[in-house]
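Each remark here refers to the structure printed beneath this line.
Computed from the coordinates by the stated procedures, all read-outs in this text should not be read as laboratory data. Treat the numbers as computed from the prediction; the structure is a model and nothing was measured. Virtual Cβ from ideal backbone geometry, glycine too; neighbours counted across all protein chains shown.
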Amino acid sequence: MTVLLCPGRTTRTHDQFVSEFSDLKSMRIVTLDVGSGQMPYHSGSKDLVFCSSERYQLELHRFLTIAPAHSYVRKLWESEFDNGQNWYYRCRVLASYNSLKRSKIISSWSDVATYYCILCMSSFHVSYNKWRLVSEHNPVRPDYAGMKEWSGLNRSKSIKYMRRSIYNFDTTLLDSNTLIYIHLPNIFASYGCGYVWTSRKLGFVVTELTELAKLGYKVCISFMHSRWGRQVTNYANLFDTELFKPHFYSELKASRYGINNVATTEVYLVANFN
């Protein structure tokens, strides 16, 4: 189900991870620097906490749990965005959302639906022509049925949203039955509206979550390991192997020749739970 969109910061194998760890059904999950929220939502946990200082991310999560979310998006996608063809409108509206003069908080569901359509328009198809990287605009059509199902599945959960980040989240939320979760982008860059992933932030994540793991807190860190057989990150080497145990999961995709290939391999580093 492709409902939570966050280009460059989305997990693809979360179902495999969740199926291996049945204890996730009863844990409170605190998700930091919210981008990829699939794993917490799929975990079965009824108590979720999402922390983000990024513009519009918390509003996006609130929006997707309301019943009419799919109808808001459909109306805008088919009219203003011309079913993904109005690239000029997408760029103009995105510039407005990125403006520093604009409030960090979206005040209406219509505004959030517009931002969701922007995310749908921000997908690109990436391929290689010999050794040259080729990127083509490849809009994602909103999954209206999936959005409707998503709101029904998650409306009953206890979900808290906090305008915090990895730098200042509330540690009083943590106890022996809480899992701290974060997904790390594989490229240092600016993502979305106001989220920047840098080597400095990576260093802070490693230090902070290692210290929390040493104190006995449950921690899970996910990131992409390889794409089409090529390694893209080596984050696992930065974490204490005595504390963090790696779990690898692969996504299979059919190639143009009809052969299943390993498109993506992701790593979930876990500390203090099995």
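Here are the numbers for the structure shown:
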item: Summed side-chain charge close to Ile105 - residues other than Ile105 whose Cβ falls under 15 Å, Lys, Arg +1, Asp, Glu -1; result: +4
item: Choice from Ser96, Ser226, Ser43 with maximal GNM fluctuation in the chain (Cα, 10 Å cutoff); result: Ser96
item: Rounded Å value of the spacing that divides the Cα centres of the range 55-82 and the range 169-248; result: 29
item: Principal axis box of the range 156-260, alpha-carbon based, largest edge first, Å; result: 53, 35, 35
item: Relative exposure of Lys25, Lys218, Lys157, judged by other C-beta atoms within 10 Å (fewest first); result: Lys25, Lys157, Lys218
item: Cα-projected label distance for Lys101 with Asp170, points at 7 Å along beta-carbon direction, nm; result: 3.5
item: Chain lengthening between Glu242 and Cys91 when straightened (0.36 nm per residue, less Cα-Cα); result: 49.7 nm
item: Net charge of Cβ neighbours under 15 Å - reference Tyr195; Lys, Arg +1; Asp, Glu -1; result: +4
item: Mean residue ellipticity (222 nm) of the chain, computed from DSSP H runs ≥ 4 via -39,500 (n - 2.57), nearest 500; result: -9000 deg cm²/dmol
item: For Tyr56, net neighbour charge (Lys/Arg +1, Asp/Glu -1) across residues whose Cβ lies under 12 Å away; result: +2
item: Highest to lowest packing among 143-154, 167-178, scored as the average C-beta count within 10 Å; result: 143-154, 167-178
item: Sorted peptide list for 3-10, 159-166, criterion being average Cβ within 10 angstrom, highest first; result: 3-10, 159-166
item: Correct choice for Rg/Rh (Cα atoms, Kirkwood Rh) that was computed from the model, options (i) 0.95; (ii) 1.01; (iii) 1.11; result: (i)
